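The values are calculated or read from the model by the stated rules, or taken from the named source; none is laboratory data. None of these values were measured; they are calculated from a predicted model. Here Cβ is always computed from backbone atoms with ideal geometry, including for glycine, and neighbour counts include all displayed protein chains.
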Amino acid sequence: MKARLGEYAPTPLVGAVALLLILVILTPALISSGQTPGITTQALLVVDRYPGTNLTWFYVHAAGSSIRYANVWVAVATNVVWDGTGIPNWTALAWTTFANESNVVDLQLSALANPVGLNVTAYYRSTSGSAIYTGLVVFWAANNSNPQTLYWTSPTSGVGSGHQPYSGLPYPIALSLSTSGRLP
C-alpha cells in the first residue's frame, strides 16, 4: 500500500507542500507585527530645486514607500556662510525647529535661504524593533553656474558631501543610522 501512495505523493513533494502551507498560515502574523528596521525603513532626505527659482524643496521619507515614522524632527539654519567649498562653521549655525511631526509617511518643507542648513532626525518604531536616522546637512545652490548646480556637505558619518546639476534633481541623500535595536 505504501508503495502505491509514493507514486502519487513523493515524500519531497509532501514536505514542500507542508512547508508552503505553514508559511501561508504564518505570513499574516509576520506582516502585522511591523517591519524590522532595515533597507526599507532607511530614511532619505530628497532635495529638489528647479532652474530659475529661489526655492529649494526637501522631502523626508523612507526608501520603502509605505513606511510610517513614529516621529520626524527637522530644524533649519538660515545663517549659513558657505559657497560650496571648504567646510562650514557648524558651531556657528543657529537652529530653529521647523517641523516636529508624529506618525508620518512623508514630511515636506521648502526654503528660500541660500545656503541653508538642515538638521533631520527620523525615528522608526515597530513591534519588531526601532531605528533612528539622522543627518546634519548644508546646501548651497550655485544659480550663476552653468549648469546650475546644488552643493551639499555634512559632518554626519555616512552622509558625505557632493554636488548635482539641477537636471539631476530631485536627488536622494541617505540619512545615517545612528541607533537601532529591539524595543525593551
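On the given criteria, is Ala75 modelled with pLDDT of 90 or more, in a loop (DSSP other than H, G, I, E, B) and of a type in the set (Gly, Ala, Ser)? So Ala75 fails the test. Going by the conditions given, is Gly158 modelled with pLDDT under 95, under 30 Å from Arg68 (Cβ atoms) and in the same structural domain as Leu44 (by TED's automatic domain parsing)? The answer is yes for Gly158. Going by what's in this entry, would Val60 be described as in contact with a Leu (Cβ under 6 Å, 6 or more places away or on another chain), under 19 Å from Ile39 (Cα atoms) and surrounded by 11 or more Cβ atoms within 10 Å (Cβ to Cβ)? Criteria met by Val60. For the stretch 126-133, check the following and say yes or no: at least one residue is in the same structural domain as Trp90 (by TED's automatic domain parsing), of a type outside the set (A, V, I, L, M), in contact with a Ser or Thr (Cβ under 7 Å, 6 or more places away or on another chain) and assigned to a loop (DSSP other than H, G, I, E, B). Yes, the stretch 126-133 contains at least one residue that is in the same structural domain as Trp90 (by TED's automatic domain parsing), of a type outside the set (A, V, I, L, M), in contact with a Ser or Thr (Cβ under 7 Å, 6 or more places away or on another chain) and assigned to a loop (DSSP other than H, G, I, E, B). Across the stretch 166-174, not a single residue is classified as of a type in the set (Val, Ile, Thr), assigned to a strand (DSSP E or B) and more than 14 Å from the chain's Cα centre (by Cα).
Looking at the stretch 80-96, is at least one residue of a type in the set (S, T, N, Q) and in a strand (DSSP E or B)? Checked against the condition, which is being of a type in the set (S, T, N, Q) and in a strand (DSSP E or B), the stretch 80-96 yields at least one hit. Residue under question is Asn54, and the condition is that it be more than 20 Å from Thr153 (Cβ to Cβ), surrounded by fewer than 19 Cβ atoms within 10 Å (Cβ to Cβ) and modelled with pLDDT under 95; does it hold? Yes: the conditions hold for Asn54. So, in the stretch 146-155, exactly how many residues are buried (at least 18 other Cβ atoms within 10 Å of the Cβ) and assigned to a loop (DSSP other than H, G, I, E, B)? Matching residues across the stretch 146-155 total 1.
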